[in-house]
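Participant: This is the structure I want to talk about, given as structure tokens.
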Amino acid sequence: MTPPRFAAAVSEHPVASHAVGEVAGEIMERFGGDDPDLLVCFASPHFVGAMEDLVFALGNLLEPQVMLGATAVAVVGGAREVEDGPGVAVFAAALPNAQLTPAAFGVEQTADGAAISGWPDLDHLPSTLSIARSGNLDVYASIFVSHTATDQRGGWLNESLGCQQWRRLIVRANVFRTRFGHTQSRSFVRSRPVQNCAEGGPNMGFSQTANQLGMACASGKWKPGRYEMVTRVVFVATNLTSVASTSFKVSAAC
């Protein structure tokens, strides 16, 4: 599996075109000329009038799949913070096999109270894998979603230890469904020793169908609503914790 790659850059040049060249050049160098999948750009108020051109130029130079941008009072890139002067900061990520969907969220008042709007209708259901690392120890948390079920699991890997070593994990899985301001939730917890070098990735946790969760249409597919899923995995010996989360919206009626 190709690992994800990340890079950040910041420029304090007061001219937008020069600032773009500096941050784009650093990202290109860090990525070896490869295009990032995700690019996030923050610019200080000095560039408000040039923001459209700045974003357009960054998009042309780096060609990300998804790009997000905003202005901010202060910007940060790597270990540098620019608070009072002009600054452009970018964060880039290469995420192999990821499907990225940009969204703009808002808050609307409904009969049941405030509700978040802007959730995208996806033609795919999301999956995610989170890795927490400390020295040689990796702790994994995963969520894989199909049209009728969710699989939430945890695992660990320490290449300095033999594969016959066992350590205790705690896996907590949460599923939330919100519809018209009402939230339905299910939670599960499991704790037991898990073997190092688990084949196939994280292997201790829960597989639940939408029907088992009480969130299914008669067809077995997810009911309409906004879903949030969280997997939290704790390596008990050191308390190293990995958290995976994902969300999606189902609009189609049952």
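Participant: Restricting to region 220-239, what's the tally of residues that are of a type outside the set (Lys, Arg), farther than 28 Å from residue 169 by Cα and free of Cβ contacts under 8 Å to residues at least 60 places away in the same chain?
Facilitator: Matching residues across region 220-239 total 2.
Participant: Could you list all residues from region 25-59 that are at pLDDT 90 or above, more than 23 Å from the chain's Cα centre (by Cα) and under 22 Å from residue 5 (Cβ atoms)?
Facilitator: Scanning region 25-59 gives 25, 26, 29.
Participant: Here's something else I'd like to know. Return yes when residue 160 is farther than 19 Å from residue 126 by Cα, in a loop (DSSP other than H, G, I, E, B) and among the hydroxyl-bearing types (Ser, Thr, Tyr) and no when it is not.
Facilitator: For residue 160, the condition - farther than 19 Å from residue 126 by Cα, in a loop (DSSP other than H, G, I, E, B) and among the hydroxyl-bearing types (Ser, Thr, Tyr) - is met.
Participant: If only one of 96, 102, 64 is touching a Pro at 6+ places or on another chain (Cβ under 9 Å), in contact (Cβ under 8 Å) with a residue 40 or more places away in the chain and within 29 Å of residue 144 (Cα to Cα), which one is it?
Facilitator: 96
Participant: Now, a different point. Looking at 135, 118, 106, 113, can you tell me which residue is modelled with pLDDT of 80 or more, exposed (fewer than 12 other Cβ atoms within 10 Å of the Cβ) and either hydrophobic (A, V, I, L, M, F, W, C) or not assigned by TED's automatic domain parsing to the domain that holds residue 48 (or both)?
Facilitator: 135
Participant: Same structure, new question: Got at least one residue in region 69-89 being part of a helix (DSSP H, G or I) and over 22 Å from the mean Cα position of the chain (by Cα)?
Facilitator: No.
Participant: Does residue 204 qualify as being more than 30 Å from residue 108 (Cβ to Cβ) and buried (at least 18 other Cβ atoms within 10 Å of the Cβ)?
Facilitator: yes
Participant: Related question: Taking region 197-218 only, how many residues are part of a loop (DSSP other than H, G, I, E, B), at pLDDT 90 or above and at negative phi?
Facilitator: So the count comes out to 7.
Participant: Follow-up. Considering 57, 93, 24, which residue is buried (at least 19 other Cβ atoms within 10 Å of the Cβ) and in a helix (DSSP H, G or I)?
Facilitator: Testing whether each residue is buried (at least 19 other Cβ atoms within 10 Å of the Cβ) and in a helix (DSSP H, G or I) leaves just 24.
Participant: Counting only residues that are in contact (Cβ under 8 Å) with a residue 60 or more places away in the chain and within 19 Å of residue 131 (Cβ to Cβ), which one in region 169-199 is surrounded by the most Cβ atoms within 10 Å (Cβ to Cβ)?
Facilitator: Residue satisfying both the conditions and the ranking: 169.
Participant: Give the residue that is farthest from residue 100 (Cα to Cα), with candidates limited to residues of region 1-18 that are outside any strand (DSSP E or B) and touching a Gly at 6+ places or on another chain (Cβ under 8 Å).
Facilitator: 14
The values are calculated or read from the model by the stated rules, or taken from the named source; none is laboratory data. It should be emphasised that the depicted structure is a prediction, and the values quoted were computed from it without experimental measurement. Note that we place each Cβ from the backbone using ideal geometry, even for glycine, and neighbour counts take in every protein chain shown.
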